[in-house]
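Heads up, the thing below is written out as structure tokens.
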There are 2 protein chains.
Amino acid sequence: MAEFTSRQKEIIGKAINIISEKGIQELTMKNIAGRINVTEPAIYRHFDNKMNILLAILEYYKTEIEILRKKSEEEEGCLKKIESYTEGHFKNFKKQPAVASILFAEEIFRSDKVLSKKIWEIIDLNQQYIIKTIEEGIAGKEIRNDIPAEYLSIMIMGSFRLLIRKWRSSGYKYDLAKEGKNLWANLNMVIKK
Amino acid sequence: MAEFTSRQKEIIGKAINIISEKGIQELTMKNIAGRINVTEPAIYRHFDNKMNILLAILEYYKTEIEILRKKSEEEEGCLKKIESYTEGHFKNFKKQPAVASILFAEEIFRSDKVLSKKIWEIIDLNQQYIIKTIEEGIAGKEIRNDIPAEYLSIMIMGSFRLLIRKWRSSGYKYDLAKEGKNLWANLNMVIKK
DNA sequence: GTAAAGTTAGTTATCGTTCACTAACATCAT
DNA sequence: ATGATGTTAGTGAACGATAACTAACTTTAC
């Protein structure tokens, strides 16, 4: 399911770029059309309406993080798993900085119920995976056991989100992967047994 | 400077409520006017244009956090200072949940350069205060010295931001002050010497 | 030659904003 | 004290711009 034609993928990509660069207010059918050098109505040959483009963006992002999760599952040790998972995100963001903006899309898509529900499904999926992995780490005595997994997950996810946010607001100036590595090294010291 | 008439304060309050409940997309002159039962043009008797309303919201929020900072400075010990500072925020949010949404306004106001610059000034102000306080704590051997103050500040701020965001998305269902206390207790264990 | 993908030229709705005007109240010279 | 003058805060109607979207026609690729 959710197979997209190459033109649809192009539209999704350009839409993500617009949101990333200018915010949701600038995501108009006209602006999307402008970026692929066609007229507005041409877009409607590929998507029924604007809502379906937004849904497609979320669908695209969901499959991306599912790939990362599966890859990180192959690592040995839960600290390594989380490291691989976050590193994977950073690498994606470096390739396509715009995708990072979807992480904060709850605010962007808040005006619509269907969209915001879908967003929170994705964010929850993310956190559930982190919590599960931390719990494994606590049981395996890799991670300190005096703090519940839920709170550790908040510290990890919260820190990374803030880092990404600052990176975005800087205009993607510095090296996120490097900064992320530093942050992870410090987080690691804090949470390990 | 930045004195507002009672009618202006009313407009600012309703605007914050709209943003909080429905997002920035629903913040229209019509909706603001509707909430105070006047017509649209009446709003222009109190603000020159919509931008000035948005700026006034940020101005209001900035003075609010400055009050909290001064109050927390009176505490003894840097861990107590940070605790007072964050607790103050939570109490404000409980009284007026809508104000919490301003914390995440970078995404909301991203479409405008003047606004987003002002937002980041406020967020930076926040973080600089936390970093300064942590550095005092490291020097005074209250806080662990193996992790730079900057990273500790990211962990603290990132965690609290994530907690608040979840609280908002839950529809302000649970007790933020209580949850915040729990989170702080765990953060405290992690950062103390 | 036909189906997919594009165009031109519109529609309707809503946005922020301005217009001309008015009712209620305050100020002040006579 | 009172009539003239000015101010404040509101109104309904309309403005130009722009949004999402559509009908009808044309181009293009296989």
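The values are calculated or read from the model by the stated rules, or taken from the named source; none is laboratory data. These figures come from a predicted structure and were not determined experimentally. Counting neighbours? That spans all protein chains shown, and the Cβs are built from the backbone with ideal geometry, glycine included. Please note that ligands, DNA and RNA were not included when accessible areas were found on the heavy atoms of the full protein model with its side chains. Shrake-Rupley method; radii C 1.70, N 1.55, O 1.52, S 1.80 Å.
Summarising the amide proton neighbourhood of B:Ile143: residues at separation of 5 or more, or on other chains, whose placed amide H is nearer than 5 Å comprise B:Ile138, B:Lys193. Seen from a random direction on average, the alpha-carbon convex hull of segment B:6-191 projects onto 11.0 square nanometres.
Using R0 = 45 Å, the C-beta based FRET efficiency linking B:Glu40 and B:Lys132 works out to 0.50.
A 1.4 Å probe run over the protein assembly as shown, with the rest of the protein chains in place, finds 48 Å² accessible per residue. For the chain pair A and B, the interface hides roughly 3600 square angstrom of accessible area in total, found with a 1.4 Å probe.
Filter the cross-link list A:Lys81/A:Lys141; A:Lys80/B:Lys81; A:Lys22/B:Lys50; B:Lys71/B:Lys95 down to pairs whose alpha-carbon distance in this structure exceeds 24 Å. In this structure, A:Lys80/B:Lys81 exceed 24 Å between Cα atoms. With a simple spin-label model that places each label point 7 Å from the Cα along the Cα-to-Cβ direction, the separation between A:Glu121 and A:Glu142 comes to 3.0 nm. Only helices reaching 15 angstrom along their own axis (Cα) with mean Kyte-Doolittle hydropathy no lower than -0.5 count here, and for the DSSP H runs of chain B these are B:6-22, B:50-73, B:113-139, B:149-169, B:176-191.
Would you mind finding the longest exposed-site-free stretch of chain B, with exposed GluC sites (Glu not before Pro) meaning DSSP loop and at most 13 other Cβ atoms within 10 Å? Result, exposed sites excluded: B:77-193. Report, to the nearest whole %, how much of the accessible area of chain A belongs to carbon and sulfur atoms, 1.4 Å probe, protein only. Result for chain A: 50 percent of the exposed heavy-atom area is carbon or sulfur.
Can you list the residues of segment A:169-193 that have at least 50 square angstrom less accessible area with all protein chains present than in their chain by itself, probe 1.4 Å? Correct list: A:Asn186, A:Met189, A:Val190. Stretched out straight at 0.36 nm per residue, the stretch from B:Thr28 to B:Ser6 would grow longer than its current Cα-Cα span by 5.9 nm. With both labels modelled 7 Å from their Cα along Cα-to-Cβ, the A:Glu75 to A:Lys181 distance reads 1.4 nm. Only helices enter this figure: runs of n ≥ 4 DSSP H residues, each worth -39500 (n - 2.57), summed and divided by the residues of the protein assembly as shown, yield -23500 deg cm²/dmol at 222 nm to the nearest 500. Across all Cα atoms of the protein assembly as shown, the radius of gyration (one decimal) and Dmax (whole number) stand at 21.8, 66 Å. With the biggest extent put first, the Cα atoms of segment A:109-193 measure 43, 33, 15 Å across the principal axes. Using the Cβ-Cβ distance between A:Val114 and B:Asp48 with R0 set to 25 Å, the FRET efficiency works out to roughly 0.10. Note: relative contact order over segment A:7-145, using C-alpha pairs below 8 Å and six or more positions apart, is 24 percent.
Only protein heavy atoms count here; on that basis, with a 1.4 Å probe, A:Asp146 has an accessible area of about 70 Å².
Among A:Gly140, A:Gly180, A:Gly88, determine the one that fluctuates most according to a GNM of chain A built with springs between C-alpha atoms less than 10 Å apart. Maximum fluctuation in the GNM of chain A, among the listed residues, is at A:Gly140. Remark on segment B:18-64: accessible area falls by at least 50 square angstrom from chain-alone to full-complex state for B:Gln25, probe 1.4 angstrom. Given segment B:48-158, what whole percent of its Cα pairs are spread farther than 18 Å? Considering segment B:48-158, 54 percent of its Cα-Cα pairs are separated by more than 18 Å.
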